[in-house]
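Worksheet: the structure to be examined is printed underneath.
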Amino acid sequence: MDYRSESINQRFRVDFGYRVHFTEDVFAPGNALLEEVLRPPWPGEPAKVLFVLDAGLAAARPELAGRMRDYVESRAALRAPLPEPLLVPGGEEVKNRGRHTARILAAIDRAGLDRHAYVVVAGGGAVLDAAGLAAATAHRGIRLVRLPSTVLAQNDAGVGVKTGINAFGKKNFLGTFSPPHVVINDFGFLRTLDAAGWRAGISEAVKVALLKDPVFFDFLEDAAERLRERDEDAMRYLVRRCAELHLSHISTCGDPFETGSSRPLDFGHWSAHKLEALTGYRLAHGDAVAIGLALDVTYCRLAGWLSEPVRARILGVLKRSGFSLFVSELVRGPADASDPNSLLHGLEEFREHLGGRLTLMMLAGIGEGREVNEIDRDLMRRSVRILEQDASQAADHA
């Protein structure tokens, strides 16, 4: 029997590009930026726009929904088929329950949006993720305009190329890689944040500085107290520089859609994602990342890759920025790494999310990442105990 086979090999390249704008009061009557972004598909036909609004942002800015509506009504080139923005809950609630993404999809259907229309989503990173998944899957892709409303979203989640919601007890189990059409960072949104929301994005800035830019880390070290006390100039610089570093990584890393087994910008995230789940998402992402950074930095110290003075510098920046670096879930639960309720099971979940072998970004110095494929679990348990001891000593001296 003849078992000969034939193949056709096809390769093609698709160029992606999008802009990240920085502005103030995007819905002001005199601010034309959004109108310029929402271009009509054809001359004489207005662009269809569906607004999705984070309920937390709407509560902090009760006038916002009306300003969105007024902005569209005052411009002949825009049309909102639905009379009001669609409100969805913020935080992990919107990602933990797939029905919220289903509601956005249903609204897209009711509005009659097509691939030339726009979904404009204003809110925190979780809302951007959920709305982004809906926009990416409706008609296989509707143009998404992000208006991030938190520091964490403006300097990290909102400028990337990912969407996703949680499922099966796992972070971002359902999602896509789908670049936005445009990102608009309105600094005015940040003034509505409480203290926890304000500091949340600082941990991601520390992370990217540790991996990419020691000069930026020096700035964060010098400005830690000013950032905690809501210095707007310092925060504006943090947001912009962090966004620049993320965008540079996406465009130059060679693997923006993570087809390999590495997630180079996810230093400290394997435990952060697991801690969020173990706390029932009581622990916010930015706070979880700060703990995850402290844990991995301590591991790097025990592994001999970092000196104790460097570890102390990094943890000092996080503490002075307002973060607590310990939660009981670090030590609570089974020690068996194969148990899903164990913190160390997060290593397997992290590997599974990408597939292939475990690949973690660690640190060899400030501004110098180090990829590893194996973790000494006993050394990681020692790292947890050190953070517990640090927290206990700090409480004794308080």
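The values are calculated or read from the model by the stated rules, or taken from the named source; none is laboratory data. No experiment lies behind these values; they were computed from the predicted model shown. As a convention, Cβ positions derive from the backbone with ideal geometry for all residues, glycine included, and neighbour counts pool all protein chains shown. Surface accessibility is based on the protein's heavy atoms, side chains included, excluding ligands, DNA and RNA. Shrake-Rupley method; radii C 1.70, N 1.55, O 1.52, S 1.80 Å.
Here are some notes:
- Some residue of segment 148-163 being over 11 Å from the mean Cα position of the chain (by Cα), of a type outside the set (S, T, Y) and modelled with pLDDT of 95 or more: no
- Any hit, segment 175-187, residues being more than 26 Å from H100 (Cα to Cα), in a helix (DSSP H, G or I) and touching a Gly at 6+ places or on another chain (Cβ under 8 Å): no
- Residue under evaluation R240, criteria (1) under 25 Å from L295 (Cβ atoms); (2) in contact (Cβ under 8 Å) with a residue 60 or more places away in the chain, criterion not met: (1)
- Conditions (1) outside any loop (DSSP other than H, G, I, E, B); (2) modelled with pLDDT of 95 or more; number of the one not met by L113: (1)
- Residue in segment 115-128 that is open to solvent by 30 Å² or more (accessible area, probe 1.4 Å) and of a type outside the set (V, I, T) present: yes
- Within segment 250-272, the set of residues being modelled with pLDDT of 70 or more, closer than 25 Å to V384 by Cβ and either surrounded by fewer than 20 Cβ atoms within 10 Å (Cβ to Cβ) or charged (D, E, K, R) (or both) comprises D266 only.
- Flag not set for G90, criterion: of a type outside the set (F, W, Y), in contact (Cβ under 8 Å) with a residue 40 or more places away in the chain and not in a strand (DSSP E or B).
- Cross-chain or 6+ apart pairs with Cβ under 7 Å, segment 368-389 first and over 13 Å from A294 (Cα atoms), then open to solvent by 70 Å² or more (accessible area, probe 1.4 Å) and not hydroxyl-bearing (S, T, Y): N373/R357
- Qualifying residue in segment 163-182 (condition: over 27 Å from L278 (Cα atoms) and buried (at least 24 other Cβ atoms within 10 Å of the Cβ)): yes
- Among (1) polar (S, T, N, Q); (2) surrounded by 22 or more Cβ atoms within 10 Å (Cβ to Cβ); (3) in contact with a strand residue (DSSP E or B) (Cβ under 8 Å, 6 or more places away or on another chain); (4) closer than 30 Å to M235 by Cβ - the single one N155 does not satisfy: (3)
- Checking each residue in segment 219-249 for being buried (at least 17 other Cβ atoms within 10 Å of the Cβ), basic (K, R) and within 19 Å of G322 (Cα to Cα) picks out only R228.
- If you go through segment 42-79 and pick out every residue that is under 23 Å from A106 (Cβ atoms) and more than 28 Å from the chain's Cα centre (by Cα), you end up with 5.
- Residue in segment 128-144 that is modelled with pLDDT under 95, outside any helix (DSSP H, G or I) and not acidic (D, E) present: no
- When residues of segment 367-380 are limited to those that are open to solvent by less than 40 Å² (accessible area, probe 1.4 Å) and not in a strand (DSSP E or B), the one nearest to D296 (Cα to Cα): M380
- Restricted to segment 67-86, and to residues there that are assigned to a loop (DSSP other than H, G, I, E, B) and open to solvent by less than 30 Å² (accessible area, probe 1.4 Å), the residue that is farthest from A157 (Cα to Cα) is R75.
For (1) at pLDDT 95 or above; (2) open to solvent by less than 30 Å² (accessible area, probe 1.4 Å); (3) basic (K, R), each residue gets a yes or a no:
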residue	(1), (2), (3)
R4	no, no, yes
I8	no, no, no
F12	no, no, no
V37	yes, yes, no
A55	yes, no, no
A58	yes, yes, no
A65	yes, yes, no
V88	yes, yes, no
E92	no, no, no
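- Among the residues of segment 136-153, those that are more than 19 Å from A272 (Cβ to Cβ) and in contact with a Phe, Trp or Tyr (Cβ under 9 Å, 6 or more places away or on another chain) comprise A136, I142, R143, L144, V145, L147, P148, S149.
- Take the conditions (1) out of contact with any Pro (no Cβ under 8 Å at 6 or more places or on another chain); (2) open to solvent by less than 50 Å² (accessible area, probe 1.4 Å); G30 misses just one of them, which is (2).
- Test for A196: is it at pLDDT below 95, over 14 Å from the mean Cα position of the chain (by Cα), over 27 Å from D15 (Cβ atoms) and not in a strand (DSSP E or B): yes
- Residues (in a helix (DSSP H, G or I), open to solvent by less than 50 Å² (accessible area, probe 1.4 Å) and closer than 15 Å to E225 by Cβ) located in segment 314-336: G316, V317, L318
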